[in-house]
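The values are calculated or read from the model by the stated rules, or taken from the named source; none is laboratory data. Quick caveat, the model's predicted, so the values are computed rather than measured. Heads up, the Cβs are rebuilt from the backbone with ideal geometry, glycines too, and the neighbour counts pull from every protein chain shown.
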2 protein chains.
Amino acid sequence: MKLLITGGAGFLGARLARTLLARGQLNGRKVNTLVLADLFPPPADLMADARVQARTGALLDQCAALGAEGFDGVFHLASAVSAECELDFELGLRSNLDTTRALLDALRAHTQQGAAAPRFVFASSVAVFGSDPALPLPAVVQDDTLPTPQSSYGVHKFICEQLVSDYTRKGFIDGRTARLMTVSVRPGRPNGAASGFLSGIIREPLAGLDAVCPVAPETRIALASPARTIEGLIAVIEASREDFGGRTALNLPALTVSVQQMLDALAAVAGPEAVARVRFEPDAGVARMVGGWPARFESARRERLGLRPDTDFKSIVLQYVQDNPAAVTIPLRV
Amino acid sequence: MKLLITGGAGFLGARLARTLLARGQLNGRKVNTLVLADLFPPPADLMADARVQARTGALLDQCAALGAEGFDGVFHLASAVSAECELDFELGLRSNLDTTRALLDALRAHTQQGAAAPRFVFASSVAVFGSDPALPLPAVVQDDTLPTPQSSYGVHKFICEQLVSDYTRKGFIDGRTARLMTVSVRPGRPNGAASGFLSGIIREPLAGLDAVCPVAPETRIALASPARTIEGLIAVIEASREDFGGRTALNLPALTVSVQQMLDALAAVAGPEAVARVRFEPDAGVARMVGGWPARFESARRERLGLRPDTDFKSIVLQYVQDNPAAVTIPLRV
């Protein structure tokens with residue numbers, strides 16, 4: 001089978017690609033071709049695999065060709081991130097809304113010419129939730145909690161969820177939306193997401209660098225490790241429609257932790273000197289956006305799919321250490 | 001002040017225009033100019049008013065000019081109707097999604113050049129609700145019930161609600177979304193909406209004509225009379241942001257009636273001979289769409305705005321008779 005990952009050169013896209021290549025199959029069908037579309041070329045280890053092809057350039061310009069090419073499965077991860085969209089309204093509209101629409105229309109054109117509807121996973125986000133002062137979020141988000149997004153990023157994700165649902169209802173794609181929790185610990189450099197510090201406060205101290213935390217230590221967050229996030233995306237594309245349960249977006253599992261608990265886990269792994277690298281500098285804008293995202297989730301649907309959250313944040317820190325040995329430059333206690 | 005009504009030559013748009021012209025003011029400010037944009041020219045009585053101007057043509061082509069022109073208030077009613085959108089997917093995307101986006105972007109451009117953000121009422125619809133088999137609607141829809149639209153029309157309306165909310169948050173417009181209930185009794189000819197029969201089964205017998213009802217008599221519907229619907233739109237544009245309560249769409253008041261109760265009201269007004277004109281011919285497609293819309297609503301928000309549903313369906317039939325004397329050709333009992 002032939003798969004497409006948009007945003008395939010990004011952190012999650014590349015990790016998903018590696019996981020798919022290592023598995024070699026999806027739903028028991030052999031993965032012959034994996035196309036990675038992104039603004040940037042994929043990492044060298046991926047390009048070294050004969051099954052991998054790169055489509056490098058703005059996704060909006062590539063949608064028509066990708067649709068005509070035809071895929072058995074698509075993971076649509078490409079996105080401008082939350083803080084970028086707040087700064088540049090038109091960039092957000094173009095990157096997140098127009099591009100998803102163009103991709104869906106290109107896939108629709110292919111299906112309407114007689115091709116089978118591709119399975120399509122849309123990576124939405126916990127950022128669809130936000131606290132409308134007049135309609136506050138419940139303490140625990142359920143499968144049927146109404147999103148009232150408070151950022152353009154969240155609005156665009158929620159809109160695209162609706163498009164994915166309708167293109168699926170019409171049979172143009174076999175679409176499923178998975179709402180990703182905040183992914184921590186992300187390797188590499190900050191990416192402009194409002195949630196970026198939730199990786200930075202772990203990643204930077206482990207590299208012997210200082211980090212800034214713009215929210216209070218008691219702030220609670222719904223997190224998932226990179227491994228659990230990829231596991232969720234694959235489970236969602238492999239699920240039967242019946243198991244997925246309807247066309248409404250699914251909240252992927254979340255581990256609820258406070259920033260303080262994250263730092264306690266960092267201390268357990270790397271000692272209090274590492275935690276001392278983190279400086280609290282409140283940023284009202286970030287605190288409002290991140291603090292508006294819900295911290296606790298319950299989902300009968302994802303339990304039916306067998307998806308479980310990470311067990312604790314210390315295991316997430318250890319996952320990062322294991323996956324990114326070169327990025328950890330200080331002595332550890334474990 | 002200068003107002004715009006898109007869909008201003010349609011039934012609701014023209015009725016809203018007449019109401020605004022008769023009031024002469026909105027929020028205490030004199031209505032000097034009322035622009036009616038529609039595919040068709042407005043009715044002659046409206047064109048005879050010196051305050052009225054027509055902008056005739058496809059709205060998508062007019063948005064840029066309308067935005068540049070500048071308005072103090074906008075009622076965005078223009079829309080392709082539900083059955084049309086199910087038949088022609090691209091028409092629905094263009095008429096309901098692209099056109100609203102273009103209108104919002106044109107208003108944004110004007111605001112970004114320094115103009116005050118116009119008040120903007122978006123006419124959404126009860127059709128945003130639908131019963132996803134995996135996430136059935138609650139028996140009574142509340143202010144925070146999650147819409148899971150089951151038609152392209154409902155999807156597009158729900159998407160535009162999100163855009164209106166975000167353009168408002170950014171200060172480009174002062175937007176409010178009112179979800180209209182099924183409006184009955186509409187005069188004139190059927191308009192291609194799946195809900196059209198809910199006017200037809202009253203209107204046609206009163207004109208001595210036969211009518212077809214595609215759903216079972218026990219089907220319950222959330223209705224509003226034309227007068228109450230217009231009242232709701234005006235209350236929503238006049239409300240302060242605080243009274244409107246957040247940026248989430250507001251469900252306008254609904255009278256819950258069964259088709260049988262509607263026919264009983266028709267019998268009370270026009271006798272059993274009128275009801276005998278209605279033939280039941282089940283249509284699974286219409287029954288699925290209309291039957292999926294919720295019939296009962298509770299809303300603390302609209303009660304705070306002082307909005308009340310119609311008291312009973314007989315008064316709605318009498319409202320139709322009074323407003324459309326020439327369309328009632330049979331003897332009445334009242």
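Residues in segment B:188-227 that are farther than 25 Å from B:V334 by Cβ and of a type in the set (A, V, I, L, M, F, W, C): B:A193, B:A194, B:V212, B:V215, B:A216, B:A222.
Condition check for B:S195 on (1) within 14 Å of chain A (Cβ to nearest Cβ); (2) within 14 Å of the chain's Cα centre (by Cα); (3) modelled with pLDDT under 95: one failure, at (1). Scanning segment B:198-229 for residues that are part of a helix (DSSP H, G or I), hydrophobic (A, V, I, L, M, F, W, C) and surrounded by 21 or more Cβ atoms within 10 Å (Cβ to Cβ) yields a count of 4. Taking (1) within 25 Å of A:G192 (Cα to Cα); (2) outside any helix (DSSP H, G or I) in turn, A:G232 satisfies each apart from (2).
Residues in segment A:15-25 that are surrounded by 18 or more Cβ atoms within 10 Å (Cβ to Cβ) and not basic (K, R): A:L16, A:A17, A:L20.
Where helices (runs of 4 or more DSSP H) sit wholly within segment A:261-314, those with at least 1 residues that are at pLDDT 95 or above and either outside the structural domain of A:T145 (by TED's automatic domain parsing) or surrounded by fewer than 18 Cβ atoms within 10 Å (Cβ to Cβ) (or both) occupy A:272-275.
Kindly state which helices (runs of 4 or more DSSP H) lie completely within segment A:56-115 and contain at least 2 residues that are modelled with pLDDT under 95 and surrounded by fewer than 20 Cβ atoms within 10 Å (Cβ to Cβ).
Working: elements: A:59-69, A:82-87, A:89-92, A:99-112.
Filter on segment A:56-115 gives A:82-87.
Kindly indicate whether B:E242 is charged (D, E, K, R), outside any loop (DSSP other than H, G, I, E, B) and within 14 Å of chain A (Cβ to nearest Cβ). Before you say what the answer is, go through the steps one by one.
Values: charged (D, E, K, R): yes; outside any loop (DSSP other than H, G, I, E, B): yes; within 14 Å of chain A (Cβ to nearest Cβ): yes.
Against the criterion (charged (D, E, K, R), outside any loop (DSSP other than H, G, I, E, B) and within 14 Å of chain A (Cβ to nearest Cβ)), B:E242 qualifies.
So, in segment A:130-162, of the ones that are among the aliphatic types (A, V, I, L, M) and more than 7 Å from chain B (Cβ to nearest Cβ), which residue ends up nearest to the chain's Cα centre (by Cα)? Looking at residues that are among the aliphatic types (A, V, I, L, M) and more than 7 Å from chain B (Cβ to nearest Cβ), I get A:V141. Comparison of A:T33, A:T99 shows that the only residue that is of a type in the set (S, T, Y), farther than 30 Å from B:F172 by Cα, assigned by TED's automatic domain parsing to the domain that holds A:T168 and in contact with a Leu (Cβ under 8 Å, 6 or more places away or on another chain) is A:T33.
Is it true that some residue in segment B:307-318 is among the polar types (S, T, N, Q) and either farther than 29 Å from B:C160 by Cα or within 14 Å of chain A (Cβ to nearest Cβ) (or both)? Step through it out loud before you land on a result.
Kept after step one, since they are among the polar types (S, T, N, Q), are these residues of segment B:307-318: B:311, B:315.
Retained after the next criterion (residues that are either farther than 29 Å from B:C160 by Cα or within 14 Å of chain A (Cβ to nearest Cβ) (or both)): B:311, B:315.
Yes; the residues of segment B:307-318 include at least one that is among the polar types (S, T, N, Q) and either farther than 29 Å from B:C160 by Cα or within 14 Å of chain A (Cβ to nearest Cβ) (or both).
Scanning segment A:164-175 for residues that are charged (D, E, K, R) and surrounded by 24 or more Cβ atoms within 10 Å (Cβ to Cβ) gives a single hit, A:D166. For segment A:131-149, the set of residues classified as touching a residue at least 40 places away in the same chain (Cβ under 8 Å), crowded, with 23+ Cβ neighbours inside 10 Å and touching a helix residue (DSSP H, G or I) at 6+ places or on another chain (Cβ under 7 Å) is empty.
If you check A:F197, A:F280, which single one turns out to be in contact with a helix residue (DSSP H, G or I) (Cβ under 8 Å, 6 or more places away or on another chain) and of a type in the set (F, W, Y)? From the options A:F197, A:F280, the qualifying one is A:F197.
Each row is one residue, and each column tells you yes or no for (1) in a strand (DSSP E or B); (2) modelled with pLDDT of 95 or more; (3) closer than 16 Å to A:V290 by Cβ.
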{"residue": "A:F120", "(1), (2), (3)": "yes, yes, no"}
{"residue": "A:S124", "(1), (2), (3)": "yes, yes, no"}
{"residue": "A:Y153", "(1), (2), (3)": "no, yes, yes"}
{"residue": "A:K157", "(1), (2), (3)": "no, yes, yes"}
{"residue": "A:C160", "(1), (2), (3)": "no, yes, no"}
{"residue": "A:S165", "(1), (2), (3)": "no, yes, no"}
{"residue": "A:G188", "(1), (2), (3)": "no, no, no"}
{"residue": "A:N191", "(1), (2), (3)": "no, no, yes"}
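Looking at this structure, is B:A235 in the same structural domain as B:G7 (by TED's automatic domain parsing) and under 23 Å from the mean Cα position of the chain (by Cα)? Break it down stepwise before answering.
Details: in the same structural domain as B:G7 (by TED's automatic domain parsing): yes; under 23 Å from the mean Cα position of the chain (by Cα): yes.
So B:A235 passes the test.
Within segment A:182-212, if we keep just the residues that are in contact with an Asp or Glu (Cβ under 7 Å, 6 or more places away or on another chain) and assigned by TED's automatic domain parsing to the domain that holds A:K314, the residue that is nearest to A:D323 (Cα to Cα) turns out to be A:E204.
With respect to the conditions (1) more than 23 Å from A:L137 (Cβ to Cβ); (2) out of contact with any Phe, Trp or Tyr (no Cβ under 6 Å at 6 or more places or on another chain), A:R247 falls short on a single one, namely (1).
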